[in-house]
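Since every read-out is calculated from the coordinates, none of them should be taken as a lab result. From a predicted model like this one, the values you see are computed outputs, not experimental measurements. When we count neighbours, we look across all protein chains shown, and the Cβ atoms used for this are built from the backbone with ideal geometry, even at glycine.
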Amino acid sequence: MQSPEILVVDDEGDFRETLMNRLKKRNIPTAGCGSGEEALRLFQEGRRLDVVVLDIKMPGGMDGIATLRAIKAIHAGADVILLTGHASLETSLQGMQEGAADYLLKPIKLEDLLEKLAQVLERKSSPAHRAQGEEIRKMLEKR
């Protein structure tokens, strides 16, 4: 059974790549893209992405909230963890109302993200999701 893949969506390439590398080092399957439009293409192509780490503030046609709405329309079961670098609690709360699982303020601590990922995965119904959540939790306990 393949582990669920995490999608990191952030227009800041260095941040996105660093975060992806840090997750992959911990054996967490991770993909990334730089815009909401790219993320939607992956979902429309049928890619199995069950958790999305999504920046709220992105330039271009789709910000994080619009991307969240579109992802939920395509795959209602996808969990989205919002990231905001602008300490915009109001926007984060709007995202929660739109169906986001949670949010984190940038700069994020990897341990905080891992905790959120574990929580989201452990709530899902499939054994693969729960197993991955438990593995992440074990990593956190070793620290």
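What fraction of the Cα pairs in the stretch 1-48, stated in percent, has a spacing above 16 angstrom?
Here the tail beyond 16 Å accounts for 40 percent of pairs.
The stretch 1-38: which GluC sites (Glu not before Pro) are DSSP loop and have at most 10 other beta-carbon atoms within 10 angstrom?
none
Filter the cross-link list Lys72/Lys124; Lys116/Lys138; Lys57/Lys138; Lys24/Lys116; Lys25/Lys142; Lys106/Lys142 down to pairs whose alpha-carbon distance in this structure exceeds 20 Å.
Violating the 20 Å Cα-Cα cut-off are Lys57/Lys138; Lys106/Lys142.
Translational diffusion coefficient, Stokes-Einstein: compute it for the chain using the Kirkwood radius over C-alpha pairs as Rh, at 25 °C and 0.890 mPa s, and state it as an integer in µm² s⁻¹.
My calculation gives 164 µm²/s for D.
Please state the relative contact order of the chain as a whole percent: Cα pairs under 8 Å, 6+ residues apart?
20 percent
With each label point set 7 Å from Cα along the Cα-Cβ vector, what nm distance links Arg47 and Glu134?
About 2.9 nm separates the two model spin labels.
DSSP loop (so not H, G, I, E, B), at most 16 other Cβ within 10 Å: list which trypsin sites (Lys or Arg not before Pro) in the stretch 50-110 pass both filters. Intermediate values should be presented prior to the final figure.
Values: sites: Lys57, Arg69, Lys72, Lys109; in loops: Lys57, Lys109.
In loop regions of the stretch 50-110 (DSSP not H, G, I, E or B), the sparsely surrounded trypsin sites (Lys or Arg not before Pro) are Lys109.
What FRET efficiency do you get for Asp112 and Glu37 if R0 is 25 Å and r is their Cβ-Cβ distance, rounded to the nearest 0.05?
That gives a FRET efficiency of 0.35.
When all C-alpha to C-alpha distances in the stretch 25-85 are sorted into bins of 10 Å, what percent of pairs does each bin hold, rounded to whole numbers?
22, 59, 18, 1
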